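Visitor: Pasting a structure below so you can have a look.
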Amino acid sequence: MLLLLSPQIIWAEGSKEINSNGGGRAFLFSSTIPTSSFPFPTLGTMKVYVKAGETLNLGSSAQGVGSGTINLRAPDGTTYTSGSSKTVGVISNDVQESAGPLPATNGYTPYVVTATAAQEGIWEVDFIAPGTDNGTESNPVVVPAGSNWQQPLGPYVAAFDITVVNAANAVVKGRVFTNIFCGVTSSFSIGFNGVFHILTKDGYQYTLDNNGQAGNGFSFFANNKGFKTAGGAASYQSINNTAAPLVQNPTAPDTQSDITHKIFFNTPAADLPQSAKTPDGSTTWLINPPFQPKIEGVAFVGAEGTDGKAGTAPLGGAFTFYVTANGSYTLTIDANNNGSYADAVDRKLKGTATTGFNSVAWDGLDGLGNKISAGPTIYNADLAISLFNAEVHFPFFDVERNINGIKLTRTTGAGAPDYTVYWDDSPITLSGTPSSPLTNLTGISSLINGHKWGSATFTNSELDFGNNKSIDTWAYVTQPTVDSIVTFTVSEADLEVVSLTSDVITGCVGQTINYTAVVKNNGPNDVTGSTFAISFPTELTDVKVTSTAITGTTAITTDSTGKTNYMAKMDMANASVRTFNITGKVSKAPSGKLVVSASILRPKDITDPDATNPDPVAPLDPVSECNSSPSGIGCNNIKTDSVTFVPSPDAGPDQTVERDKVATVTANQTGTWTQIGVTPTVAHISSPSSDRTEITSLAALGPYKFVFTNINGCTDTVTVNVTSSKLDAPNVVTPNGDGNNDQLVIPDINLFPGSRLAIYNRWGNEVYHSDNYANDWAGKGLADGTYYYVLNRKEANGGIKVFKGWIYLKH
């Protein structure tokens, strides 16, 4: 249904505005296929803010031609299309383009959609071309702005319009915008004079007059950074190509620090809200009150994460701050701490501040390239930051010629109108007629030189300065410099394991070994939380560690002992020394030597001169810290002790042999045999330097002890018990006091302690017994006669040998 409006209040927003200033007509490029001229193509996508109850009037020269149509997406997700009608939504000529939708005189018949209450917000409108493949048709025929056209069959739209009418039947202008404009003039000699109105997120407005730029096929957008560095900061430079430039994709959502400004076809409407809902369910910003950028969170952090504290070079640290706009900074470190920031020794760092979090790395050196001294000194740094607001960049792609330069006017904010623009084309390969000056970082009025390049008379446009290049022009307002003083300390401590020694040169399994480790802080700074560690193999068991302060002040804050290491957190004052005593038992032979190491590791953000890995990771591995550049392989923080251990010697099992017989003993390894003592008598060892030997001269009963000693000096003992199968006891006992046979004497019974003797009369009655006979039976109280005995001789191996016999008792 058509709206009955007064002709005088009709207003069209779209191609009418950009083709109303003379020059060549810019056909809207509508395709999804990127080219050097269109690295970020769209389907002719425009956006428009619509309130509930307002009506959209839409038209396109491509409507009903080939695939040409108009597609809409409402803020609630509803989609609409004008279909293939050849009457509704068709702009047939430049007269209808200028008039706008009916009922304006000579107006076109619009495709109409009215927004519901749920559809208030940003509508997206795609002006689909007859063909979206730019191989379908070559460039359109050149048409001067204000002249009639012939709608091409390729990915081009000659005219398009979005007119918003409110519930009172009044046209509301300043609602239509785009994130990127892609156009084709098909000429390098007839320039594009389209005028656009730029709205920045921080609440400022600019007017951009293209002023005859001749790009043939070209695209541009507006953002807050232009082309970026690899780290994401604004580079403030042009780029020597159009292939995958480092720039925020204007069709992608904004991030916290990357903002695509909005390109309006008229001055943005005063009734735009601060934000509005979009078809994907998110929101986008619109008109914000101008705000002043802020600087927050100025601080210093060491390279390994400690607030206000840095290690000397190569560690250093970073000065951090958060800003709400781009800008520049100058950081000066008062290296000689004299209160002046102008000395040659003072370190000065300059760079670009980027919206969001910033980190300025410092390598720990002064202005002369020397390491800043460690110690208790508190250093001061002056961080001077100047931020920009109203910052806007115009990346232009594949604009061969811009012989007049753009006209850019900041229309709002302090000092408006302001025409100042900046550029830096130094990365561009010089060809054709370059910009002059090539670099403009001090600002030039765009009314004088709005960034001109190329030549109107240059015959080969493919070789002109802007061909296949990405060229940035920008503007901003510089805010007064804000200075912040940042304080920090610089620390260094040469930690050393002075020695690691053991009390065993060579050893055997089963042996206890003791280590002594001496550690020292050679300063100049005290350290808190250094890590002392002992590393040992699993063969070393029952490890116990104690420590003692020797010189200065040291303290163990925590320690623990595991299966393969001991670790202690330790505070050490400058020049302090502490000794650690480590004791363990070697439970089994290691595969090689028993290797034990002692190490001391610096805390984070304290430089150890010969043991500092200058990566941003806190120190965890003493070997990595020790062997890293710039100090190189080796340091005084690690000591190692190696001891050879062999299996313990085994002299074999104890054995029992008959008197005057030969005993053979066999050990499990090479070594030497010796007898312990000279009792019961001196035996003869036939092969004392062999693992196996015979032992003779065992003439006396009793235990003979022999020790086997291996090459490491470890020993094991074997006992050869010499015994006899004969008792040799007398058969007569005459307890008459003459000294002969007064008691029953069993030879060598003392060598068999625990032997039991029982004596029986002829009727089998036990008349005497002793559980540990000591040659003291004299038949006391018994009548003369024959008696019988049983002797359970307890052998050295624990066994019992039974002897039986008779005795004649005669008083």
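Visitor: Looking at (1) part of a loop (DSSP other than H, G, I, E, B); (2) within 28 Å of ARG659 (Cβ to Cβ), which is the only condition VAL790 fails?
Guide: VAL790 satisfies all of (1) part of a loop (DSSP other than H, G, I, E, B); (2) within 28 Å of ARG659 (Cβ to Cβ) except (1).
Visitor: Just to be sure, is TYR379 under 19 Å from ASN525 (Cβ atoms), assigned by TED's automatic domain parsing to the domain that holds LYS228 and either modelled with pLDDT of 95 or more or surrounded by fewer than 18 Cβ atoms within 10 Å (Cβ to Cβ) (or both)?
Guide: So TYR379 fits the description; yes.
Visitor: Tell me which residues, restricted to region 404-433, are within 21 Å of SER235 (Cα to Cα) and not in a loop (DSSP other than H, G, I, E, B).
Guide: Those that are within 21 Å of SER235 (Cα to Cα) and not in a loop (DSSP other than H, G, I, E, B): LEU408, THR420, VAL421, TYR422, TRP423, ASP424.
Residues are listed down the side, and each one gets a yes or a no for (1) within 29 Å of LYS604 (Cβ to Cβ); (2) in contact (Cβ under 8 Å) with a residue 24 or more places away in the chain; (3) small (Gly, Ala, Ser):
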{"site": "GLY305", "(1), (2), (3)": "yes, yes, yes"}
{"site": "ASN326", "(1), (2), (3)": "no, yes, no"}
{"site": "ALA335", "(1), (2), (3)": "yes, yes, yes"}
{"site": "TYR341", "(1), (2), (3)": "yes, yes, no"}
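Visitor: Another question about this same structure. Does ILE70 count as assigned by TED's automatic domain parsing to the domain that holds TYR49, crowded, with 20+ Cβ neighbours inside 10 Å, in contact with a Ser or Thr (Cβ under 7 Å, 6 or more places away or on another chain) and over 20 Å from SER31 (Cβ atoms)?
Guide: Against the criterion (assigned by TED's automatic domain parsing to the domain that holds TYR49, crowded, with 20+ Cβ neighbours inside 10 Å, in contact with a Ser or Thr (Cβ under 7 Å, 6 or more places away or on another chain) and over 20 Å from SER31 (Cβ atoms)), ILE70 does not qualify.
Visitor: Of all the strands (runs of 3 or more DSSP E) wholly in region 315-359, which have at least 1 residues that are hydrophobic (A, V, I, L, M, F, W, C), more than 28 Å from PRO609 (Cα to Cα) and under 25 Å from the mean Cα position of the chain (by Cα)?
Guide: Fully inside region 315-359 and qualifying: 317-323, 347-353.
Visitor: Return the residue satisfying two criteria in turn: it lies in region 119-147 and is modelled with pLDDT of 95 or more and part of a loop (DSSP other than H, G, I, E, B), and of such residues it is nearest to ARG73 (Cα to Cα).
Guide: The extreme case among them is GLU120.
Visitor: Going by what's in this entry, would TYR773 be described as in a strand (DSSP E or B), surrounded by 16 or more Cβ atoms within 10 Å (Cβ to Cβ), without any contact (Cβ under 8 Å) to a residue 60 or more places away in the chain and at negative phi?
Guide: Answer is no for this residue.
Visitor: Which ones in region 509-546 are of a type outside the set (Val, Ile, Thr), surrounded by 22 or more Cβ atoms within 10 Å (Cβ to Cβ) and over 22 Å from SER373 (Cα atoms)?
Guide: Within region 509-546, TYR515, ALA517, PHE532, PHE536, LEU540 qualify.
Visitor: Residues of region 104-118 being farther than 22 Å from ALA276 by Cα and either within 46 Å of the chain's Cα centre (by Cα) or not in a strand (DSSP E or B) (or both), which ones?
Guide: ALA104, THR105, ASN106, GLY107, THR109, PRO110
Visitor: Pick from SER599, SER628, SER648: which is among the hydroxyl-bearing types (Ser, Thr, Tyr), in contact (Cβ under 8 Å) with a residue 12 or more places away in the chain and within 19 Å of TYR566 (Cα to Cα)?
Guide: Just a single option satisfies the conditions, and that option is SER599.
Visitor: Let me ask another. Within region 695-751, which residues are closer than 27 Å to THR664 by Cβ, touching a residue at least 60 places away in the same chain (Cβ under 8 Å) and in a loop (DSSP other than H, G, I, E, B)?
Guide: Of everything in region 695-751, those that are closer than 27 Å to THR664 by Cβ, touching a residue at least 60 places away in the same chain (Cβ under 8 Å) and in a loop (DSSP other than H, G, I, E, B) turn out to be ILE711, ASN712, GLY713, CYS714, SER724, SER725, LEU727.
Visitor: Let me ask something else. Just to check your reading of the model, which residue among ASP526, ASP483 is charged (D, E, K, R), closer than 30 Å to TYR322 by Cβ and touching an Asp or Glu at 6+ places or on another chain (Cβ under 8 Å)?
Guide: ASP483
Visitor: Then there's this: Only one of SER20, SER61, SER82, SER98 is touching a residue at least 60 places away in the same chain (Cβ under 8 Å), of a type in the set (Ser, Thr, Tyr), crowded, with 23+ Cβ neighbours inside 10 Å and outside the structural domain of ILE287 (by TED's automatic domain parsing); which?
Guide: SER61
The values are calculated or read from the model by the stated rules, or taken from the named source; none is laboratory data. Predicted model only: the values in this text are computed from it and were never measured. With ideal geometry, Cβ positions are generated from the backbone for all residues, glycine too; neighbour counts draw on all protein chains shown.
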